[in-house]
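This report concerns only the one structure given below.
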Amino acid sequence: MDKIIDPSNRTKDDTVDAERALDTSDTSLLRNLTIEISKIATQAGAMAVRTQMRPHSTQLKRENEGAAYLTDASNSVLQYLRSAVAEIDPLNGFWEDGVSERIPGNRYWSLCPIDGTINYQRNLNEWTITIAILEINERGAVYPVLGVVYAPALGLMYLAARGEGAIRVRHTQQDEEKREAVIPSATEHLDGSVVCFGVSYFPQESKQALEVVASMAGHPADIKRIGPASLDLCKVADGTYDAYFEPRLHSWDVPAVAAATVVVWESKGTLERWDGSEIDWTSDNDLVATNGLIRDEIIGYLQPDSADTDAEQ
């Protein structure tokens, strides 16, 4: 995967063919596709940062109580993302527009202009722009197969493609660019671990997350709440955190979570629902990601009966 995102390996004659890149095992084609997508994320990030740096230039808005928060920048960034990825290859459209029939082999772009809207609006650095490709497999199930997660204010980007591993690209204060393989932590037990969790706009969902946190308190060395989900998941993949969980991720979370999911999978971390089943990309999901080593322990706390038993010990 390190060669996939290295622009020095690309020649002027190289062209981007998204369908062919995803259909073959030709690493150079996948490299070219990933490079182009990372460039789009970088440009979108620059747009969003310019808006964020203007004092009081963004306002939170919400269509209704059951909808996600957006900012003024969300629409303009999304319009750019849609136009730019469609120039690479329109694929079979955009997942967010709705898919009436699951045809095996079809692929869709899934885009999140700003994941971590409240962080963004409050001028915090922890927000991302994400680009994912979702594929319908031969069973009619949906799977993310390529993901880019970019945190512009942190100078941090994660790239992953199915079967090719995951890479983290960091920009240091000295403006140096460092590329590193994404590998989870080696923490073997919940005791002494660092766990992160997500909360919701909706009180009952947040209460559920806090109840889990209370049940495991005293075991992890630290339990953090920072967000957004895409960045927290990538930080499980790269070993910053040992696990992440959230009681409910909604339809508007699909683009961000899908991109980060590829990073987690390609790092060999685990990502699943609280009951151990696979993520269903067409419905709301609870979610837990781990380094693989503390999976069984943390899932125990996500099951009410097991959590009560463990909390009494």
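Throughout, read-outs are computed from the coordinates displayed, never taken from laboratory work. Since we're looking at a predicted model, the values are computed, not measured. Here the Cβ is made from the backbone with ideal geometry for all residues, glycine too, and neighbour counts use every protein chain on show.
Percent relative contact order of region 194-312, based on C-alpha pairs within less than 8 angstrom and at least six residues apart?
RCO, region 194-312: 28 percent.
Across 10 Å bins from 0, what is the distribution of all Cα-Cα pair distances for the chain, in whole percents?
Pairs per bin, as whole percents: 6, 28, 35, 23, 7, 1, 0.
To the nearest 500 deg cm²/dmol, what mean residue ellipticity at 222 nm is calculated for the chain from DSSP H runs of n ≥ 4 alone, each contributing -39,500 (n - 2.57), summed and divided by the residues?
Values: 9 runs with 108 residues, N = 313.
Calculated at 222 nm, the ellipticity per residue is -10500 deg cm²/dmol.
Need one number: % antiparallel among DSSP beta bridges in region 194-312, to the nearest 5.
So the antiparallel bridges amount to about 55 percent of the total.
If r is the Cβ-Cβ distance from Val169 to Asp97 and R0 is 30 Å, what FRET efficiency results, to the nearest 0.05? Mind dumping the intermediate values first?
Details: r = 30 Å, r/R0 = 1.00.
That gives a FRET efficiency of 0.50.
Using per-residue counts of other Cβ atoms within 10 Å, averaged over each peptide, order 171-178, 190-197, 284-291 from highest down. It would help to have the intermediate numbers written out before the result.
Numbers: 171-178: 8.5, 190-197: 20.1, 284-291: 23.2.
Final packing ranking: 284-291, 190-197, 171-178.
Describe numerically, in nm with one decimal, the distance between label points set 7 Å from Cα along Cα→Cβ at Ile226 and at Ser283.
3.3 nm
When Lys and Arg each count +1 and Asp and Glu each count -1, what net charge do the other residues less than 11 Å away from Val194, Cβ to Cβ, add up to?
The answer is 0.
If packing is taken as the mean number of other Cβ atoms within 10 Å per residue, what is the order of 81-90, 259-268, highest first?
For the peptides 81-90, 259-268, the packing ranking is 259-268, 81-90.
Could you tell me which of the pairs Lys39/Lys178; Lys178/Lys235; Lys61/Lys207 are separated by over 19 angstrom between their Cα atoms in the structure shown?
Cα-Cα > 19 Å for Lys61/Lys207; rest within.
Hey, what did the chain get for relative contact order, percent, Cα under 8 Å, at least 6 apart? Present the calculation step by step, with values, prior to reporting the outcome.
Values: 656 pairs, mean separation 45.4, N = 313.
Across the chain, relative contact order equals 14 percent.
Nearest 10 degrees is fine. How inclined is helix 72-88 to the longest principal axis of the chain, computing both from alpha carbons?
For helix 72-88, the angle is close to 50 degrees.
Say R0 is 22 Å: what FRET efficiency, to the nearest 0.05, do Asn106 and Lys39 get from their beta-carbon distance?
My answer for the efficiency is 0.30.
Contour minus end-to-end for Asp26 and Leu154, with contour as 0.36 nm per residue of separation and end-to-end as the Cα-Cα distance?
Between Asp26 and Leu154, full extension yields an extra 42.9 nm.
Where in region 113-162 are there trypsin sites (Lys or Arg not before Pro) that are in a DSSP coil and have at most 13 other Cβ atoms within 10 angstrom of their Cβ?
Arg122, Arg139
If you average the C-alpha positions of region 79-152 and of region 277-304 separately, how far apart do those two centres end up, in angstrom?
22 Å
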